Amino acid sequence: MTLPGFPDAAPLDGLFGGLLIGLAAALMLLGAGRIAGVSGIVGRAFGINDSGMSPSSAWMFVIGLPLGAGLVALLKGRLDPEFMPLPVLAVAGVIVGFGARLGSGCTSGHGVCGVSRFSQRSIVATLTFMAAGIATVALMGAFA
Amino acid sequence: MIRTHLPPLVSGTLFGAGLAFGGMTDPARVRGFLDIFGDWDPTLAFVMGGAVIVMAIAWRFVPRMRHPLFAGEFALPERSDLTPRLIAGATLFGIGWGMAGLCPGPGIASLAIAPLEASVFTAGLLGGLVLNRLAFDRPAKETAHG
């Protein structure tokens with residue numbers, strides 16, 4: 001299905017993917033009693049943060065991420081992602097990691113888990129990183 | 001062991017599958033969502049909408065549960081104050097997100113799809129987490145949200 005006016009959009013795939021992400025976060029919340037915040041869990045797995053779930057549980061979640069994505073890649077065939085150049089990815093990775101820790105969360109922790117809980121901090125953080133992302137893409141487009 | 005390790009493994013796998021299915025492992029699609037002044041791709045709004053709807057339902061069960069299904073107690077963030085640190089962190093996060101079209105989940109999930117690009121982003125991500133730890137070395141309580 002396509003969205004009128006947006007030939008490249010995949011609204012049904014997006015919605016289904018979102019429902020899976022919601023189920024994943026709900027399992028973490030109701031099963032383990034924790035927020036499925038990826039930046040926090042990754043930091044915990046690598047021993048960079050010293051609180052959160054047990055490091056071995058954090059590793060289970062981190063290993064699951066490529067496992068699930070790999071399964072979908074097998075099912076759907078080529079996903080054909082388009083990446084930015086490697087130096088951009090490296091620098092952006094550092095900024096994303098630093099910012100996620102400074103702001104106590106990322107797209108998953110604030111954007112999914114916090115917004116759905118109507119957390120004021122998470123709503124403000126989500127609006128802020130979306131605005132910053134929009135400005136960044138616009139500026140990069142203007143100078144490209 | 002299985003009781004504590006299976007839920008995060010299943011959750012991570014579902015999470016990674018959802019990211020890939022929803023198109024978040026394609027940085028061009030994510031940047032297309034942020035490109036509201038250009039050729040806007042609204043797909044990511046459907047991903048976020050789907051995830052938030054399920055989680056909004058899940059949150060309603062929490063007050064009625066004495067403890068999580070597979071753990072002794074809930075360990076959830078309790079802060080509600082807006083701080084300069086929150087805004088600065090979210091701003092930096094958004095800048096990096098817009099530059100790469102990747103955030104931490106899709107970056108790591110992509111290790112199975114595009115190992116080279118995903119490793120470079122993930123290495124940067126870990127470097128950023130370490131830099132933050134070195135710069136602030138703050139009590140872990142404040143970092144619990146993820």
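Here are the numbers for the structure shown:
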| item | result |
| --- | --- |
| Residue-normalised accessible area of the range B:5-126, given per residue in Å² at a 1.4 Å probe | 40 |
| For chain B, built as a Gaussian network whose Cα springs stay under 10 Å, the top-fluctuating residue of B:Pro68, B:Pro115, B:Pro27 | B:Pro68 |
| Estimated buried accessible area (total), pair A and B, 1.4 Å, Å² to nearest 100 | 10000 |
| Residues A:Ser51 and A:Leu139, FRET efficiency given R0 of 41 Å [Cβ-Cβ distance, rounded to 0.05] | 0.70 |
| Accessible-area composition of the range B:2-136, carbon plus sulfur, in percent [1.4 Å probe] | 68 |
| Accessible area per residue, Å², the range A:11-142 with all protein chains present, probe 1.4 Å | 35 |
| Which of B:Trp59, A:Trp59 is most accessible, then next, and so on - probe 1.4 Å | A:Trp59, B:Trp59 |
| Inter-part distance where the range A:41-98 and the range B:60-124 are each reduced to a Cα centre, Å | 10 |
| Radius of gyration and Dmax over the Cα atoms of chain B, both given in Å | 17.3, 50 |
| Of all accessible heavy-atom area on the range A:11-142, the percent that carbon and sulfur account for (1.4 Å) | 73 |
| Efficiency of FRET from Cβ geometry, B:Ala45 and A:Leu86, R₀ 22 Å, rounded to 0.05 | 0.15 |
| The range A:103-144 residues near the modelled B:Ala28 label - backbone nitrogen below 19 Å, point 7 Å along Cα→Cβ | A:137-138, A:140-142, A:144 |
| Low-density loop positions, trypsin sites (Lys or Arg not before Pro), the range A:71-144 - DSSP coil, at most 15 other Cβ in 10 Å | A:Arg78 |
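The values are calculated or read from the model by the stated rules, or taken from the named source; none is laboratory data. Given the structure is predicted, the values throughout are model-derived calculations rather than measurements. Here the Cβ is made from the backbone with ideal geometry for all residues, glycine too, and neighbour counts use every protein chain on show. Just the protein is used for accessible areas: all its heavy atoms, side chains included, with ligands, DNA and RNA removed. Shrake-Rupley method; radii C 1.70, N 1.55, O 1.52, S 1.80 Å.
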